[in-house]
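Accompanying notes for the structure given below.
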Amino acid sequence: MNKYEELMARKNEIMLKSVGIDYDKYEDGKLSFNYEKLMEDIGYSLEEIESIQKEAGVGNTPLLELRNITKLARKVSKTGKAARIFVKDESCNPSGSFKDRRASVSVYDAMKRGYKGVAAATSGNYGAAVASQANIRGLRCIIANECYDSKKIGQPEILEKGRKCEGYGSEVLRLTVGPELFYTFLKILEETGYYNASLYSTYGIAGIETLGKEIVKECREALGKEPASIIVTHAGGGNTTGTARGVIKTGAKDTKIIGASVDLSGLHMASDIDFNKKSFTTGHTGFGIPFMTNPDRSDVPRSAARPLRYLDRYVTISQGEVFWMTELLAQLEGLERGPAGNTSLAAAFAIAQEYDNEEILVVQETEYTGAGKHLIPQLNFAKKNGIEIFVGNPMDQIPGKNIILPSHPELVSVKDMDMDHLRNSYIKNSLKKVADNKIQDIDFDFLVDETKLSRKDVMKILKENNIQIE
């Protein structure tokens, strides 16, 4: 057994020491685990989390109505109608994104348990959030940052985020794309004894629940009604899961949760060749689909991000439409923000046209912008990588080949993903753990909860895969 295999074999042991969760105690079937018990055992109530975040300057961000963008949506709508579009301005958090909510609980927990430092594996805003919160709580911080291809060429957006982590005084280990990320991260945890501020731990997900709660509460108080839908930029699933759980805890039973990702179909998230063809790394299908159909692929044994449990709809938007929306937001609303929230905002522009004027749509995040996140360096980077950029119909986009900016607002549209197909894929991936073609009743119930499918539909899928219930 080589050093890589030896270290990976100790994964559960390292995770137990570094995050303090014994995942084994939640395993209760052949493929199921007690998800709700895992979330209940976090040890902090929603009210306590709100207090933790308030102390660290996190949360209570403004809910802004995008009146001019709503007007434009109504102007190009086939019915002349469109829902009122609001955005939760999460760029007002300390490090400039909703990820501060996610980091705040983990870093507080690390401080409370007496850890000297925290570590996280991320190529995104989360690293900056962890570094910022670590400073507030007086802890050291190491970020494992996947930012280069094998030629040591990095995307402007990722390099920007790495610089921000260093600006907070964090130690940043810049890595190339591939399996070395989690291997290096496990080495960091084992050698330093630092707390694993994982994106996918219960603490990280619970921290986002306040976002869902705030959206519902603010809509009720200011508008006298709950939002018809909340649109979430979807990648690893934590954003979707945490927001939805907060909405549910606030009693907004009729509010739909819609996930939105950039369509980068055909580009592999861990491919050295494809890595820099993505042009930006935010909220794309290269993470959104794999993490939806196989969520336990992260740095913890059981991910607390379970998007299929909560999504009512999942749509994709093109990169060109996100770049277009970034410019539109700045020029019509005076808000210059990064691509993460603009992914769901571009989707919201199209989806709003499906609703009447009195309905409310909320885009649940914005992110800070900076030199590497601006659309000009990102488009220039794409050109250098041989990607053609032109104005036309975004429907003609070929991911990794071109980026098409819409020539007219009426061309902005979303593509609905087949949720039943994704649920079927999730179940098939889960069944790979079953050796004898038999599962237990508790496994069956788990699959129903995980997929939001009816018991009849789950049973049909099991029969198609020759799986019996003991």
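I'd like the carbon and sulfur percentage of the solvent accessible area for the chain, probe radius 1.4 Å, heavy atoms only, ligands and nucleic acids excluded.
The value for the chain is 48 percent carbon and sulfur by accessible area.
Dividing the alpha-carbon Rg of the chain by 2.2 N^0.38 Å yields what?
Ratio of Rg to 2.2 N^0.38 Å for the chain: 0.94.
Would you compute the Debye intensity of the range 199-279 from its alpha-carbon atoms alone, equal scatterers and no solvent, and pass along log10 I(q)/I(0) at q = 0.14, 0.20 Å⁻¹ to two decimals?
Each listed q corresponds, in turn, to -0.56, -0.86.
Among Ser104, Leu63, Asn135, whose Cα lies farthest out toward the positive end of the dipole of the range 26-171, if unit charges sit on the beta carbon of Lys, Arg (+1) and Asp, Glu (-1)?
Leu63
How big is the gap, in Å, between the Cα center of the range 175-253 and the Cα center of the range 346-386?
If we compute the Cα centre of each part, the gap is 19 Å.
Run the paramagnetic zone check for Ile153: 7 angstrom along Cα to Cβ, then residues of the range 273-315 with backbone nitrogen under 19 Å.
Label zone hits: 273-282.
Just by accessible area at a 1.4 angstrom probe, what is the order of Met325, Met8 from largest to smallest?
So, going from the largest accessible area down, we get Met8, Met325.
Rolling a 1.4 Å sphere over the protein heavy atoms, what is the accessible area per residue of the chain, to the nearest Å²?
In whole numbers, the chain has 39 Å² accessible per residue.
Once both labels are modelled 7 Å past Cα along the beta-carbon direction, what's the Ile389-Lys401 spacing in nm?
Result for the modelled spin labels: 2.0 nm.
Which residues among the range 447-470 fall inside the zone where the amide N is under 13 Å from a point 7 Å beyond the Cα of Asn437, along Cα→Cβ?
What the label zone holds, given the 13 Å backbone N cut-off, is 463-469.
What does the range 81-160 give for Rg and for Dmax, in Å, if only its C-alpha atoms count?
Gyration radius and largest Cα-Cα distance of the range 81-160: 15.6, 55 Å.
Take His408 and Ser45, extend 7 Å from each Cα along the Cα→Cβ direction, and tell me the distance between the two endpoints in nm.
That separation, rounded to one decimal, is 5.6 nm.
Could you sort out which of Lys151/Lys277; Lys37/Lys116; Lys30/Lys438; Lys161/Lys277 sit more than 20 Å apart by Cα distance in this structure?
Lys37/Lys116
Explain nothing, just the number: dipole magnitude of the range 393-470 about its Cα centre with +1 on each Lys and Arg Cβ and -1 on each Asp and Glu Cβ, in debye rounded to the nearest 20.
Here the range 393-470 has a charge dipole of around 200 debye.
Only Lys, Arg, Asp and Glu count, each charged at its Cβ (+1, +1, -1, -1), so figure out the dipole size of the range 284-373 about its Cα centre, rounded to 20 debye.
About 580 debye.
Using +1 on the beta carbon of Lys and Arg, -1 on that of Asp and Glu, and nothing else charged, what's the dipole of the chain about the Cα centre, debye to 20?
Magnitude of the dipole: close to 480 debye.
Given a Förster radius of 51 Å and the C-beta distance between Lys37 and Ala371 as r, what FRET efficiency does 1/(1 + (r/R0)^6) yield to the nearest 0.05?
For R0 = 51 Å, the calculated efficiency reads 0.70.
Sort Lys161, Lys428, Lys383, Lys75 by heavy-atom solvent-accessible area, probe 1.4 angstrom, most to least.
Lys75, Lys383, Lys428, Lys161
Would you work out which of Ile467, Met419, Phe444 lies farthest towards the positive end of the dipole of the range 410-470? Charges go on Cβ: Lys and Arg +1, Asp and Glu -1.
Farthest along the dipole direction, towards plus: Ile467.
Zone of Asn357 (label point 7 Å along Cα→Cβ, backbone N under 15 Å): which residues in the range 79-93?
From the range 79-93, the list is 79-85.
Of all DSSP beta bridges located in the chain, what percent are antiparallel, nearest 5?
15
With every protein chain kept in the model, how would you rank Tyr168, Tyr44 by accessible area, 1.4 Å probe, largest at the top?
Tyr168, Tyr44
Along the charge dipole of the range 270-382, Cβ charges K/R +1 and D/E -1, which of Tyr310, Phe349, Leu328 sits furthest on the positive end?
Result: Tyr310.
With runs of 4+ DSSP H residues as the only contributors, calculate the mean residue ellipticity of the chain at 222 nm using -39,500 (n - 2.57) per run, divided by the residue total and rounded to the nearest 500.
It lands at -13500 deg cm²/dmol.
Can you give me the solvent accessible area of Val448 with a 1.4 Å probe, rounded to the nearest 10 Å²?
Roughly 20 Å² of Val448 is accessible to a 1.4 Å probe.
At a Förster radius of 41 Å, what calculated FRET efficiency corresponds to the Cβ-Cβ distance of Arg67 and Met459, to the nearest 0.05?
The pair Arg67/Met459 has a calculated efficiency of 0.25.
The values are calculated or read from the model by the stated rules, or taken from the named source; none is laboratory data. Predicted, not measured: the structure shown is a model, and the values here were computed from it. Please note: Cβ atoms are built from the backbone with ideal geometry, for glycine as well, and neighbour counts cover all protein chains shown. The area values use the complete protein model at the heavy-atom level, side chains included, leaving out ligands, DNA and RNA. Shrake-Rupley method; radii C 1.70, N 1.55, O 1.52, S 1.80 Å.
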